[in-house]
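To start, the structure under review is shown below, and the notes come after it.
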Amino acid sequence: MPKIIAVSGKGGIGKSTLAALITKFFSENTDKKILLVDADPSISLTLMLGMDPLKTLSNLREKFVTSAEAAQEAMFGDKHIRDTIYDECLQNGGRFNLLAMGRPEGPGCFCSVNELLRYGIESVSKNFDITIIDCEAGPEQVNRRVTKSIDDLILVIEPTVRSVQTALYIKKVAETYGVQKSFSLHIILNKIGKHDRTKNIKSILSSEGIKISGIVPLDENIAEYDSIGKSILDLSHESPSVKAVGEIFTFLYLQKEVNFVRERELDQQI
């Protein structure tokens, strides 16, 4: 069965970077067909990967909204909307495919067009083993614009109380309104420096019965790559963030295949 992984968290938390690193991990360590969805209107993930920022689903939506003929053809023509999305929006990243959502819909009601596009996206994702979604603000947005269900929710936090509060809010929204089936929750503590204090973070999460699934250290290589416009996917395997994501996701997703045993307890790290 195809797996849908949503990555979310407050703005500036590093979720787009983590989504890119997760994609790098799966593309280099499995033979899975991977679809990466940039669902953030800022398309920062698309730019981070050096992909075309103009090839987005929002442009296709605009085409349907402004052209009755195009909309009619999409709804009732011989060509499936899935194939239209493939031809006009999907970008080949080599070891994965990227679908960028682009800007949200403008004023007015375009429910039929939006439903058509969501159906098309779901049809596209069925052709992939893993769909990784970089969310804008939480699974309620995924439900509205991308898909009706997710399998795994990755909540990215940093060593601040506000980021944890945002993550807990997103979790609540997901459970109450966002998706139509149960999902697995994983908390990733991101951009951790040597002197960061995490006691309060751990205490808040523990009071909610939540454990941290993994820790990604602060990685200066990411800032360096960003400053020169180099793709995050080109980071060395020795880069701290790449190594950490590899360990976390080997444990979370591939442990049965590779019989991986985590040697360090997270409590000792935080």
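The values are calculated or read from the model by the stated rules, or taken from the named source; none is laboratory data. Remember, it's a predicted structure, so these values are computed and weren't measured experimentally. Positions of Cβ are backbone-derived with ideal geometry, glycine not excepted, and every protein chain shown enters the neighbour counts.
Beta carbons closer than 6 Å, at least 6 apart along the sequence or on distinct chains, never pair a first residue in the range 12-28 that is without any contact (Cβ under 8 Å) to a residue 24 or more places away in the chain with a second that is surrounded by fewer than 24 Cβ atoms within 10 Å (Cβ to Cβ).
If you go through the range 199-230 and pick out every residue that is more than 23 Å from Ser163 (Cα to Cα), among the hydroxyl-bearing types (Ser, Thr, Tyr) and exposed (fewer than 15 other Cβ atoms within 10 Å of the Cβ), you end up with 1. When restricted to residues that are buried (at least 16 other Cβ atoms within 10 Å of the Cβ) and in a helix (DSSP H, G or I), the range 45-61 contains 8. Among the residues of the range 82-111, write down those that are part of a helix (DSSP H, G or I) and either surrounded by 13 or more Cβ atoms within 10 Å (Cβ to Cβ) or modelled with pLDDT of 85 or more (or both). Correct list: Arg82, Asp83, Thr84, Ile85, Tyr86, Asp87, Glu88.
From the residues in the range 134-174 that are among the aliphatic types (A, V, I, L, M) and in a loop (DSSP other than H, G, I, E, B), which one is modelled with the lowest pLDDT? Within the range 134-174, the match that is modelled with the lowest pLDDT is Ala137.
Here is a yes/no grid of residues against (1) surrounded by fewer than 24 Cβ atoms within 10 Å (Cβ to Cβ); (2) aromatic (Phe, Trp, Tyr); (3) part of a helix (DSSP H, G or I):
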| residue | (1), (2), (3) |
| --- | --- |
| Ile13 | yes, no, no |
| Ala19 | no, no, yes |
| Lys32 | yes, no, no |
| Lys63 | yes, no, yes |
| Lys79 | yes, no, no |
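Of all residues in the range 16-71, those satisfying the criterion of being among the charged types (D, E, K, R) and in contact with a Leu (Cβ under 7 Å, 6 or more places away or on another chain) are Lys24, Asp38, Arg61. Within the range 29-42, residues that are more than 20 Å from Arg95 (Cβ to Cβ) sit with their Cβ atoms under 6 Å from residues that are loosely packed, with under 15 Cβ neighbours inside 10 Å, at 6+ positions apart or across chains, in these pairs: Pro41/Arg103; Pro41/Pro104. When every residue of the range 9-28 is checked against the conditions, at least one turns out to be hydrophobic (A, V, I, L, M, F, W, C), touching a Phe, Trp or Tyr at 6+ places or on another chain (Cβ under 7 Å) and at pLDDT 85 or above.
Select from the range 176-217 the residues that are assigned to a helix (DSSP H, G or I) and either among the aromatic types (Phe, Trp, Tyr) or within 16 Å of Ile13 (Cα to Cα) (or both) and list them in ascending order. Correct list: Tyr177, Ile201.
Take Met48 and decide whether it is modelled with pLDDT of 85 or more and of a type in the set (A, V, I, L, M, F, W, C). Yes. Look at Thr56 and say whether it is farther than 25 Å from Lys148 by Cα, over 13 Å from the mean Cα position of the chain (by Cα) and modelled with pLDDT under 90. The answer is no for Thr56.
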